Amino acid sequence: MELIRGLHNFAPRHRGSVVSIGNFDGLHRGHQALIARLRTLAVQHRVPVTVVCFEPMPREFFQGAAAPPRIADLRGKLRDLALFGVERVVVLPFGARLAAMSAQAFVQQVLVDGLGARAVIVGDDFRYGSKRVGDLALLKAIGAVEGFSAEGLGTVELEGERCSSTVLRAALAQPDLDKVERLLDRRYRIVGRVRHGLKLGRQLGMPTANVHLRRPPALAHGVYAVRLAWPGAPEGLPGVASLGVRPTLGLTACLLETHVFDLKPDLYGQEVVVEFHKFLRPQLKFDDLDTLAAQMQADGLAARAHFSQDLIPS
């Protein structure tokens, strides 16, 4: 998959695309339906499947710390888009300049001049341009002049409820991992690169692979039974993970710490995928490290029990 960062990196070879635009946070079933339609159009027009998204997301620019937490960071989003067959992703830096761009200018510079769009498909509630004045009707009107078709994809429902990032975010906050899996059609996962940490887990008998999270994700802080995958073990191995700010240590940065059972792989610098299988308990503050260590061992046993149950024939 090709990544294009910013309008200034458009090249003549990028002209000729079928395009969708949006945040694609979480890549739930609604997003998947949109991309499936995009792939059909790509075959018809014999051009690449292209997605345009924004970094930061517009609500993060306008609302700052009050913006809803992300379901996936950019690294995870790009990985999922590639898995669903997207061939090009345009990441536009969202700042004051882009926020002030008119809807007509946005379509002209991105879809017409930059990508030479043959077809554009968006969610039926998609808005764009300064003050969000651009809508599907305007997109169709410009397309009729510039030579591209435009269509909106209707709402995708699951169990009588709209499948959306808002609904998915609420399920992650509970956390209701069964509902999350239904909305995503897969288990929730976090992608990140393993960095050095305090090595406290090693001192307490449970070494961990640590992923520092610049933005706290939408998933509730707590301890989970997980599978950890990396290039050396792409199928993933079972383990236990703690997501949160480590209140016992008085820290505030969000960290994902994963212990893989019966293995001590050297994962520093490697990209890993943590897949969440079961919520075990919320994040707690302990009086001392001995109590924390005892709870960590108990968490490990609970996670092992979960995966052992998965192996029992029904």
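Read-outs throughout are calculated quantities, based only on the coordinates presented, and are distinct from any laboratory measurement. All figures in this text were calculated on a predicted structure; none of them were measured in a lab. We place every Cβ from the backbone using ideal geometry, glycine too, and count neighbours over all the protein chains shown.
Tabulated data for the structure shown
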read-out	value
Distance between modelled label sites at Arg79 and Ala253, nm, 7 Å Cα→Cβ extension	2.0 nm
Whole-number percent relative contact order across the range 188-311, with pairs defined as alpha carbons under 8 Å at least 6 apart	33 percent
Gained length - Gln63 relative to Arg37, 0.36 nm times residue gap less alpha-carbon distance	6.2 nm
Coil-residue trypsin sites (Lys or Arg not before Pro) of the range 250-307, DSSP, other Cβ within 10 Å capped at 14	Lys285
D (Stokes-Einstein, µm²/s), Kirkwood Cα radius, the range 2-162, 1.567 mPa s at 4 °C	81 µm²/s
FRET E, pair His196, Glu271, Förster distance 25 Å, beta-carbon r, rounded to 0.05	0.95
Segment Phe261-Asp178, length gained on full extension (0.36 nm per residue, minus Cα span)	27.5 nm
√(5λ) per eigenvalue of the Cα gyration tensor, the range 135-198, largest first, Å	36, 20, 9
Computed FRET value (nearest 0.05) for Ala170 with Lys140, which takes r as the C-beta separation and R₀ as 25 Å	0.15
In the range 1-60, the trypsin sites (Lys or Arg not before Pro) that fall in loop regions by DSSP, at most 11 other Cβ within 10 Å	Arg46
Neighbour-limited loop hits for GluC sites (Glu not before Pro), the range 138-196 (at most 13 other Cβ within 10 Å; DSSP other than H, G, I, E, B)	Glu159
Cα-centred dipole magnitude for the chain, charges only on beta-carbon of K, R (+1) and D, E (-1), debye, nearest 20	680 debye
19 Å Cα-Cα reach of Lys278 towards aspartates and glutamates, excluding residues that sit fewer than 8 places from it in its own chain	Asp176, Asp178, Glu181, Asp185, Glu235, Glu257, Asp299, Asp310
Residues in the range 112-148 reached by a label modelled at His8 [backbone nitrogen below 13 Å; 7 Å Cα→Cβ]	none
Square roots of 5 times each gyration tensor eigenvalue, C-alpha, the chain, largest first, Å	40, 20, 18
